[in-house]
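Worksheet for the structure shown next.
The values are calculated or read from the model by the stated rules, or taken from the named source; none is laboratory data. As the structure is a prediction and not an experimental result, all values here were calculated from the model. Neighbour counts run over all protein chains shown; Cβ positions are idealised from the backbone, glycine included. Each accessible area value is taken on the protein alone, full model and side chains, heavy atoms only, with ligands, DNA and RNA left out. Shrake-Rupley method; radii C 1.70, N 1.55, O 1.52, S 1.80 Å.
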Amino acid sequence: MSVPQPNTPQGDLTIRTVAMPADTNTAGDIFGGWVLSQMDIAGGIAAADHARTRVATVGIEAMSFLKPVSVGDILAVYCKVVRVGRTSMAVNIQAWVERKLSHDLLNVTEGVFTFVALDDEGNKTPVPPRE
């Protein structure tokens, strides 16, 4: 059974960028890896904001690409810290596109990324609790 997708983004808008021709595969669609990279960057921003220190990605829960991203689409990535452990955080990350001509807003993928907080020496460090 599939879970119905919300028709509006959940979380805070963290990154907004345009998909460019250099980011395409041979079929002309944007590489999934480019989308994943934008999500990882946005998640790192959200996790670092919460932890108030540097962070590193340590895991990504299953993701499914729901719709293709095309050149000229505006990719918007929304993030929400959903779990906080002693040194790690889980961030729900959604990628949405605004289609270049229709301005339709579509959810293209989402996932939960886990980040660990690091001190200046690269060792795990405690994370503040969620408010």
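Some points to look at:
- Here, region 1-73 has an Rg and a Dmax of 14.3, 41 Å when only alpha carbons are counted.
- For region 14-27, backbone phi angles converted through the Karplus equation (6.51, -1.76, 1.60; θ = phi - 60°) give residue-by-residue couplings of 10, 9, 9, 8, 9, 6, 10, x, 5, 9, 9, 8, 5, 7 Hz, Gly and Pro being listed as x.
- Averaging over all projection directions, the Cα-based convex hull of region 69-125 occupies 5.0 nm² in the image plane.
- Hydrodynamic analysis of the chain uses the Kirkwood radius over alpha carbon pairs. Inserted into Stokes-Einstein at 20 °C and 1.002 mPa s, it gives a translational diffusion coefficient of 140 µm²/s.
- 222 nm mean residue ellipticity, helices alone, for the chain (DSSP H n ≥ 4; -39,500 (n - 2.57); rounded to 500): -5500 deg cm²/dmol
- Rolling a 1.4 angstrom probe over the protein heavy atoms with all chains in place gives the chain an accessible area of 57 Å² per residue.
- Check: the chain dipole with +1 on Lys, Arg Cβ and -1 on Asp, Glu Cβ, in debye: 220 debye
- Listed by chain and number, the lysines whose C-alpha is less than 25 Å from the C-alpha of K80, apart from same-chain residues fewer than 8 away, are K67, K124.
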